[in-house]
Amino acid sequence: MYEIELFHAPEPMQSKDDKKKHLANIIHDECPSLAKGAKFQQTPFVPGGHAQTTFAFCGYYIYHVQSLLSPKFTREIFKFSDGGTAPLDWALCDDHDKRPIMTILSGVTGTSNDFYVRKCYEEAIKHQYSTVVVQSRGCKQKTQ
């Protein structure tokens, strides 16, 4: 079991009540259970860093197998005037040309296959949006 200890940041932050406070004070005010001798006890199912890493890998692998059932993409390459390119991955769905478009930015290292991106576009398609994932410039990872 590990004890949680809060440290003051060198600069105060803006809190919900628009006052400048140190992060430790915000946590103390907003979540007193963490501030007063809170203890962290890791789950007995994945004890230690090695088991946690293995568990995360297995979870990702299971997710990857499930993702094969997710919508497929068609890729469009957007060309910039300076010669650079950025891939646009359109999730294939029915009546995509009649739906409003939701744009998802995958982040610097992200791709259309990342967990958080897949969850976003799966929900968007359920809510009748046509979805495009804009890859970072220079990322050309293959889509499914």
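Semi-axes of the equivalent ellipsoid of the stretch 79-118 are 21, 17, 8 Å, computed as sqrt(5λ) over the eigenvalues of the C-alpha gyration tensor in descending order.
Once backbone amide H atoms are built at 1.01 Å from N, Ile104 has Val132, Val133, Val134 as its partners under 5 Å, excluding neighbours fewer than 5 places away on the same chain. Using a simple spin-label model with pseudo-atoms 7 Å out from Cα toward Cβ, Thr43 and Glu122 lie 1.8 nm apart. Fully extending the segment from Ala56 to Thr85 would add 7.1 nm, taking 0.36 nm per residue of separation and subtracting the current Cα-Cα distance.
For the stretch 112-120, 3J(HN,Hα) computed residue by residue from phi via the Karplus equation (6.51, -1.76, 1.60; θ = phi - 60°) reads 5, 8, 5, 3, 5, 5, 4, 4, 4 Hz, glycine and proline entered as x.
Read-outs: derived from the displayed coordinates by stated rules, not from any lab. These figures come from a predicted structure and were not determined experimentally. Backbone-built Cβ (ideal geometry, glycine too); neighbour counts: all protein chains shown.
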